[in-house]
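Right, one structure below, let's go through it.
The values are calculated or read from the model by the stated rules, or taken from the named source; none is laboratory data. Predicted model only: the values in this text are computed from it and were never measured. Note that each Cβ is placed from the backbone with ideal geometry, even for glycine, and that neighbours are counted across all protein chains shown.
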Amino acid sequence: MTLSFSTFYNLPSSEARYELALNLIYEKFQPAHCLIGKFIDSDTRVKTVAYSVNGEKSNYIIYDLEGTPCKDAKDSQSVCSISCNLQQMYAEDEILKIFDIDGYLGVTLRALDHTPIGIMVCLFDEKIEISSDDKHWFRELSLLVGAELNHNLELSAQEILVRQLAKGERIARLSSWSWNISRNIHSFSQEMQTLINLPDQEIGFEVFCDSLKEKDQKSLRVLMQKIRNGQISHIDINVSHSDRSQFKGLFRVIGHVERSDEQEDERIFCASVQDISYIYALNKQLELTNVVFEHATEAIMITDHKNRVVMVNRAFERLTGYSDTELLGRNPSVLSSGKHSSEFYDKMWTKLCKEGTWKGEIYNRRKNGQIFPEELTLNIVRDEEGDIVNYVAIFRDITDWKRNEAQLTFYANHEPLTALINRRCFMDILETRISQTRSTLQPCSLLFIGLDHFKEVNDIYGPEIGDKVLISVAKRLKNGLRRADTISRYGGDEFAILLDATNQQSAHDIASKLCDKLKQPYVFNELTIELTASVGVAQLDCKSRVTAAKFIRNAAHALESAKKTNRGSVALHNQAIQNAYLNKIALRDKLRHAIKYELLSVYYQPIVDQSSGRIVKFEALVRWFDEEQGMISPGAFIPIAEEFGLIQQIGQFVLERACMDLKKVQSVGYTDISISVNRSVNEFKVSNNQFDLISEAIEKYDIPYSSITVEVTESMATNHYTWQLLRDLRGKGVKIALDDFCTGYSSLSHLIENQVDYLKIDKSFVDSLLQDKSKQIMISCLVEMAKQLGIKVIAEGVESETQLNVLNDLGCDHIQGYYYSPARPIGACIQLLEEFNSEKKADYELSAVKESRI
């Protein structure tokens, strides 16, 4: 045994010593399991440091002490031995059942102060008998193993302490520095490698010093020399690493000289080197914060937890007139304006305490007594325990802002020219009023007023006069209404009025009175303008579900009806007006579909030369056959196309189809035939270049420019841009015709200044030709003048032989009308050409032709 124990001490490692102990035990007792373990988790569990099964080394295990024989062994001062029936004694120990253990031998391992630190155990799978000598031997071996385990635990504790110190230095970004001055030996802790970013290099003074900026190297070396000479014994200096950044590389070196514990004549310089970059940055930020605090444009006030003023900035002093010394220690209630109730302040403090912040508008009083509005933000500052430390108030004077807000609110809800409420605001009021009407069952009416021909006022007198008229209209409307009524400039020359508590008859009477007021002349200095206004009236049915938009539409439909039937009158909205509008919308949608899928067609009405009796031209006329409604009159869908911006697409379709069909006509030999196409005023816009569109269509089908005639109305020809475009087209060879001549816009000066090729006498003149001699005189004069100017005259709408004879006598050049033929498809037109323009035409009876034509 003595040799075995000597061997135990001579082994190179603790693991080998533990393994020797287990081998000795196995040779002695042949246990099934043998282990050496240390107590962990406050001595409630065991973790093995050595473990063998049937004498073979095995993996480490951890098990709980509670309910095991090892618990009893731990509490015993002697060797614990149980020869058999172990599982019955410790029924809760599952390990005993798993390993089928029957006998137990164990002893507690203790430190030098007899504190339990571990246990040495043998487990047997059969009954055992342990003698007193065996127990003594086992006890002696436990002392050796316990001493080894205690030594290892102390080493582990020291390693933990060193690691904790290193971790502390790493967290604090601090390195210790020791300098034996007499021996000139420097030593740094490992953290210095990290601080100067040299992880794999041994750090000495020169390495540390060389890592600094050059000026700091010199300063540090000077201080070290003074310490060596005994001139100083303490230093506190900041130095910078050569690669210093905002949050890394600024070191604070604090150190002092002390006597060595071993030799009093030796001096030791002990110092710490800490990276204070983050702290330095925070201090700079704090300084900057203080600068911001003092120079902020917003007033700032800080109070303590008892709401006593502790600090204010300069903006606060300028804004309130109080200096900081006047307010320190006082309650901010000194600023109270008296305009807010105690309930207001109670709610403010309740929300502040609950949410930690409050923001709103408040009125306060300056030192001079002036009350002013301010935008105030309050915040609570709490400490780590959640207790209130400070209150912070930030506010700014919003006197100017409130004034601007009032103006912006006014202009957001009102129209700037007339100061009436605008459309958006009116719609909001209307929605609210509709909701109230449903609950109160109190009726209300809506007037929609449109000024008649107001555009002409702007065109003739200019927008400045137009604005004056609108302002006068607004004043007259306001003077003619009750305070409870709401008036709005809805847009352009339209006004909307909401009449409160009125039935339909009352609304009609009010609308009539307003019409009379608006008919009165508008006098501006020496200028007098007369206008009329049309009014649409809609009544709100309390039982119906109607929106503000629909209510407006109903009144707008009534206004449209009034403008169409009798301008300057009042029209009431009814189902007929509603149906008419819906039918118009339905027809618009059908027309869009027809345009998109080219369901329109082009017919042509012949124009006959009276001197030769031959067809010289055709007028292209659009036709629309709908599968549901049949043939739809151009008089029904052309105005809709004008109103909804579809006329340009129709006009271009007609132009291109006419060019294509004319190509067919000319290809069969009728090369002298031309076609007239109508152009609407809405097509002649700067953004819609008719010159290019017409030219491209003509060139696309390779027909002469002279074979196309563009017909425009006299009203269009008054526009300078239109005339210029027509002149450009005429320069290319296109013929120009003035349609509906003598219907209200005739101007001889236009004929003289702007050359055209044809004048077309409107059908209305031809219809009254036989009854009205003055019309005959006008046509005679027109024909004579046209001849002098080199212009051909076309009479349209000729339906009888009598009309034809009179027009021939008056010298009219060409005739167009049902007398010869209605508008027909291009195929039928070619047949007409064969009849009218053939060589046998001279022998053909015109009367026979007429009878054969439907």
Identify, by number, the condition in (1) without any contact (Cβ under 8 Å) to a residue 60 or more places away in the chain; (2) under 30 Å from Ile497 (Cα atoms); (3) surrounded by 15 or more Cβ atoms within 10 Å (Cβ to Cβ) that Gln436 doesn't meet.
(3)
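To keep it simple, each residue is scored yes or no on (1) surrounded by 15 or more Cβ atoms within 10 Å (Cβ to Cβ); (2) in the same structural domain as Leu498 (by TED's automatic domain parsing).
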{"site": "Tyr391", "(1), (2)": "yes, no"}
{"site": "Ile398", "(1), (2)": "yes, no"}
{"site": "Tyr411", "(1), (2)": "no, no"}
{"site": "Asn422", "(1), (2)": "yes, yes"}
{"site": "Met427", "(1), (2)": "yes, yes"}
{"site": "Glu431", "(1), (2)": "no, yes"}
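Within the stretch 729-761, work out how many residues are surrounded by 15 or more Cβ atoms within 10 Å (Cβ to Cβ) and modelled with pLDDT of 85 or more.
Of the residues in the stretch 729-761, 13 are surrounded by 15 or more Cβ atoms within 10 Å (Cβ to Cβ) and modelled with pLDDT of 85 or more.
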Quick one: how many residues across the stretch 310-332 are in a loop (DSSP other than H, G, I, E, B) and touching an Asp or Glu at 6+ places or on another chain (Cβ under 8 Å)?
2
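So is Thr68 under 19 Å from Ser131 (Cα atoms), in contact with a helix residue (DSSP H, G or I) (Cβ under 8 Å, 6 or more places away or on another chain) and surrounded by 15 or more Cβ atoms within 10 Å (Cβ to Cβ) or not? Lay out the reasoning, then the answer.
Details: under 19 Å from Ser131 (Cα atoms): no; in contact with a helix residue (DSSP H, G or I) (Cβ under 8 Å, 6 or more places away or on another chain): yes; surrounded by 15 or more Cβ atoms within 10 Å (Cβ to Cβ): yes.
Considered against the rule, which asks whether it is under 19 Å from Ser131 (Cα atoms), in contact with a helix residue (DSSP H, G or I) (Cβ under 8 Å, 6 or more places away or on another chain) and surrounded by 15 or more Cβ atoms within 10 Å (Cβ to Cβ), Thr68 comes out as no.
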Would you please list the contacts, defined by Cβ atoms under 7 Å and residues six or more apart or on different chains, that run from a residue in the stretch 274-296 that is touching a residue at least 12 places away in the same chain (Cβ under 8 Å) to a residue that is of a type in the set (Gly, Ala, Ser) and in a helix (DSSP H, G or I)?
Gln274/Ala172; Ala296/Ala315
Residues satisfying the stated conditions in the stretch 614-649, i.e. in contact with a Phe, Trp or Tyr (Cβ under 7 Å, 6 or more places away or on another chain) and not in a strand (DSSP E or B)
Arg614, Phe637
Here the residues within the stretch 410-448 that are over 19 Å from Ala549 (Cβ atoms), in contact with a strand residue (DSSP E or B) (Cβ under 8 Å, 6 or more places away or on another chain) and outside any loop (DSSP other than H, G, I, E, B) are His414
Among the strands (runs of 3 or more DSSP E) confined wholly to the stretch 71-182, which include 1 or more residues that are in the same structural domain as Cys34 (by TED's automatic domain parsing), surrounded by 15 or more Cβ atoms within 10 Å (Cβ to Cβ) and of a type in the set (Phe, Trp, Tyr)?
103-110, 116-124
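Hey, does the stretch 253-272 have a residue that's outside any strand (DSSP E or B), under 60 Å from the mean Cα position of the chain (by Cα) and modelled with pLDDT of 90 or more?
Quick first cut of the stretch 253-272, residues outside any strand (DSSP E or B) only: 260-266.
Add one more test, that the residue is under 60 Å from the mean Cα position of the chain (by Cα), and what stays is none.
Checked against the condition, which is being outside any strand (DSSP E or B), under 60 Å from the mean Cα position of the chain (by Cα) and modelled with pLDDT of 90 or more, the stretch 253-272 yields no hits at all.
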For the stretch 276-290, check the following and say yes or no: at least one residue is closer than 23 Å to Glu191 by Cβ, outside any helix (DSSP H, G or I) and in the same structural domain as Arg183 (by TED's automatic domain parsing).
yes
Is it the case that Ser512 is modelled with pLDDT of 90 or more and of a type in the set (Ser, Thr, Tyr)?
yes
Give me the residue from the stretch 423-460 that is modelled with pLDDT of 90 or more and touching a Lys or Arg at 6+ places or on another chain (Cβ under 7 Å) and, out of that set, nearest to Lys475 (Cα to Cα).
Gly450
Every residue in the stretch 620-654 that is buried (at least 18 other Cβ atoms within 10 Å of the Cβ) and within 22 Å of Gln831 (Cα to Cα), please.
Ala620, Leu621, Val622, Val654
Report every pair of residues separated by at least 6 positions or lying on different chains whose Cβ atoms are under 7 Å apart, first residue within the stretch 108-119 and in contact (Cβ under 8 Å) with a residue 60 or more places away in the chain, second in a loop (DSSP other than H, G, I, E, B) and of a type in the set (Gly, Ala, Ser).
Ile117/Ala111
In the stretch 341-361, is there at least one residue being surrounded by 15 or more Cβ atoms within 10 Å (Cβ to Cβ) and assigned to a loop (DSSP other than H, G, I, E, B)?
no
If we keep just the residues of the stretch 1-32 that are of a type in the set (A, V, I, L, M, F, W, C) and touching a Lys or Arg at 6+ places or on another chain (Cβ under 9 Å), which is modelled with the lowest pLDDT?
Phe8
Gln193 - would you say it is touching a Pro at 6+ places or on another chain (Cβ under 7 Å) and in a helix (DSSP H, G or I)?
yes
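Of the residues Lys47, Lys28, Lys38, which single one is under 18 Å from Leu96 (Cα atoms) and outside any loop (DSSP other than H, G, I, E, B)?
Numbers: Lys28 fails: under 18 Å from Leu96 (Cα atoms); Lys38 fails: under 18 Å from Leu96 (Cα atoms).
Among Lys47, Lys28, Lys38, only Lys47 is under 18 Å from Leu96 (Cα atoms) and outside any loop (DSSP other than H, G, I, E, B).
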Please give the number of the condition Phe138 fails out of (1) closer than 30 Å to Asp275 by Cα; (2) modelled with pLDDT of 90 or more.
(1)
Kindly indicate whether any position in the stretch 603-611 is among the hydrophobic types (A, V, I, L, M, F, W, C), under 30 Å from Phe836 (Cβ atoms) and either touching a strand residue (DSSP E or B) at 6+ places or on another chain (Cβ under 9 Å) or part of a helix (DSSP H, G or I) (or both).
yes
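Looking at Ala786, Ala795, which is the one that is at pLDDT 90 or above and not in a loop (DSSP other than H, G, I, E, B)?
Working: Ala786 fails: at pLDDT 90 or above.
Answer to the check: Ala795.
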I'd like the residue in the stretch 511-548 that is without any contact (Cβ under 8 Å) to a residue 60 or more places away in the chain and part of a helix (DSSP H, G or I) and, out of all such residues, is surrounded by the most Cβ atoms within 10 Å (Cβ to Cβ).
Cys515
Any idea how many residues of the stretch 25-48 are touching a residue at least 24 places away in the same chain (Cβ under 8 Å) and either closer than 16 Å to Leu123 by Cβ or surrounded by 18 or more Cβ atoms within 10 Å (Cβ to Cβ) (or both)?
15
